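Note sheet for the following structure.
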Amino acid sequence: MSFYHGEIEGNGVGIVPAELTTKLTDHLACMKGTEKGGAPCIALRHTKEEGWRCSIYESRPTPCREFNILNEDGTPNPDCERLQLVAKQKRLAGS
């Protein structure tokens, strides 16, 4: 999941923590962990109390802001559930 590098903090406008990002091109970056796909974002955290949550929610990049965790009818987005399963498998494997 890539996004415009201008969203990264340090340029007076961006808010995404730079240490959690990877440069892809001169104009694109991604969240660490998502460079090749099939792996969870470094900012995704799990607790027994809250389940899966973004640890930088208020500072997340545009693609994350545009991704709906619920469908319009209030049911869980299957893409979100699939990504949570991948993250769970990685966590259980100790990655």
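The values are calculated or read from the model by the stated rules, or taken from the named source; none is laboratory data. Remember, it's a predicted structure, so these values are computed and weren't measured experimentally. In this analysis, Cβ positions are derived from the backbone assuming ideal geometry, glycine residues included, and neighbour counts consider all displayed protein chains. When the accessible area is computed, the model is the full protein with side chains, heavy atoms only, and any ligands, DNA or RNA have been set aside. Shrake-Rupley method; radii C 1.70, N 1.55, O 1.52, S 1.80 Å.
Summary table
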| quantity | calculated |
| --- | --- |
| Residues of the range 10-22 that turn out to be open to solvent by less than 80 Å² (accessible area, probe 1.4 Å) and either outside any loop (DSSP other than H, G, I, E, B) or acidic (Asp, Glu) (or both), as a count | 5 |
| Selection count where residues are surrounded by 11 or more Cβ atoms within 10 Å (Cβ to Cβ) and closer than 29 Å to Gly6 by Cβ, scope the range 41-64 | 16 |
| Selection from the range 65-85 of residues that are open to solvent by less than 70 Å² (accessible area, probe 1.4 Å) and within 18 Å of Ser2 (Cβ to Cβ) | none |
| Residue check for His27: farther than 20 Å from Ala93 by Cβ and open to solvent by 60 Å² or more (accessible area, probe 1.4 Å) | yes |
